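Okay, structure first, notes after.
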Amino acid sequence: MINIAMRSQGAIDSSSLPSINIVTYDVVQAQTLDSLNTRQERLRSQTSPNTSSSQLHPCPHDGSTGPRTHPDHPATSRQPLPPAPANPRPDAPAASGHVPSGSVSGQTHSDPAPMLLPILQHPVQKGQKIVLSSQTPLRTLKACLGWNTTNSQCDVDVSAFLLDGAGKVPGDDWFIFYGQTESPDHSTVFCQESSQDRESITIHLNQLNPSVKKIVFVLTIHEALEKKLHFGMLQDAYIRILNADSKEEAVSFKMTDYYTNVISMMIGEIYNHNGFWKFNAIGNGVAKDLSGLCELYGVQVSD
């Protein structure tokens, strides 16, 4: 079972169960909702304005010399993501990802500039599937994701579900997100970027457990149910798959459909087909929060 540490300040009690769109199994009971709505406190009080997100989120397989963080360590909680105005300036600098001065609970601050999108070199359309490499064997992939928002309350999380042939996780620890940053076989690692992309997930294919046939990359809006947020408040959402060894882009997909009845988006996936890894540009979502997605893919959520 996995404990999803939430950042919510307001508790959801049993009386609000009908309004929560999650699949409820025996593991998730009304009494566990408090724990699902209590997230790790952000590091605002522990970091200076100049602390980079790469310092807060070391990536073990990306050359970091810092210690690996435990899933329950505060360093795995995400920093707030900069929203985008309706018409972002084309010359706006990329968001640095650090915590602005005075950015503590109960205080307000000016919203940082929106992030600039990287040049997508090999874009595909929604629903398109493509072989990532049919000649050179791939060893390491890097899924890089980014987005902008039109609502300052939208805080987006990236997660990856490592699935078997039946479309379920082999175990609860095969779900990678801000609170569980590495898979049991050390093949898949979550990292928050400090520039260019918001967040990334690195996959070492030669270390990947043979039972894993597919990896789904998901964007979820934090506290969307409480704050009535939805994907209609996002823009510029993309995923790009890089060959981590050559640093070259293999494929990219920029979303075009932003649904007002969706709070979690399966933006894309990689899957093994006849010995070759392929990418599928999904771009479809569900009205489920992160815990709801866990239940969908077979992750049992505990208190």
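Between residue 300 and residue 125, the FRET efficiency from the beta-carbon distance, with R0 = 51 Å, is close to 0.90.
Net charge near residue 289, counting Lys/Arg +1 and Asp/Glu -1 over other residues with Cβ under 11 Å of its Cβ? Could the numbers behind the result be given before it?
Working: positive: 288; negative: 157, 223, 226, 295.
Value of the local net charge: -3.
The alpha carbon centroids of segment 119-151 and segment 183-261 are separated by 10 Å. Amide H contacts of residue 268: 217, 282, 283, each under 5 Å away and 5 or more positions distant or on a separate chain (H built 1.01 Å from N in the peptide plane; Pro and chain starts excluded).
A simple count of charges around residue 117, restricted to other residues whose Cβ falls under 11 Å of its Cβ and scoring Lys, Arg +1 and Asp, Glu -1, yields +1. Could you tell me which of rounded, prolate or oblate describes segment 153-225, using a ≥ b ≥ c as the square roots of the eigenvalues of the alpha-carbon gyration tensor, with rounded for a/c under 1.5 and, failing that, prolate when a/b is larger than b/c and oblate otherwise? Oblate, since a/c reaches 1.5 and b/c is not below a/b.
How many percent of the accessible area of segment 215-271 is carbon or sulfur, using a 1.4 Å probe? That fraction is 47 percent.
Between residue 213 and residue 227, full extension at 0.36 nm per residue minus the direct alpha carbon distance yields a gain of 1.5 nm. Annotation: extensible slack from residue 168 through residue 153 equals 2.2 nm (criterion: 0.36 nm per residue apart, minus Cα-Cα distance).
For segment 110-227, the dipole from Cβ point charges (+1 on Lys and Arg, -1 on Asp and Glu) about the Cα centre works out to 660 debye, to the nearest 20. Between residue 245 and residue 287, full extension at 0.36 nm per residue minus the direct alpha carbon distance yields a gain of 11.5 nm. Each residue of segment 165-173 is assigned a 3J(HN,Hα), and the resulting list reads x, 8, x, 10, 6, x, x, 4, 8 Hz, derived from the Karplus form 6.51 cos²θ - 1.76 cosθ + 1.60 (θ = phi - 60°), x at Gly and Pro.
Solvent exposure of residue 188, expressed as accessible area, is near 0 Å², computed with a probe of 1.4 Å over the protein chains only.
Take the residue pairs 126/227; 126/278; 129/228; 168/254; 254/278 and return only those whose Cα atoms are more than 23 Å apart. Long pairs (Cα-Cα over 23 Å): 126/227; 129/228; 168/254. For residue 160, neighbours were defined as the other residues whose beta-carbon sits under 13 Å from its Cβ, and their charges (Lys and Arg +1, Asp and Glu -1) total -3. Both numbers refer to the Cα atoms of segment 215-286; Rg and Dmax are 14.0, 44 Å.
The values are calculated or read from the model by the stated rules, or taken from the named source; none is laboratory data. What you see is a predicted model, and the numbers here were worked out from it, not measured in a lab. A quick note on method: Cβ atoms are made from the backbone with ideal geometry, for glycine too, and the neighbour counts reach across all protein chains shown. Keep in mind that these areas ignore ligands, DNA and RNA; they rest on the heavy atoms of the full protein, side chains included. Shrake-Rupley method; radii C 1.70, N 1.55, O 1.52, S 1.80 Å.
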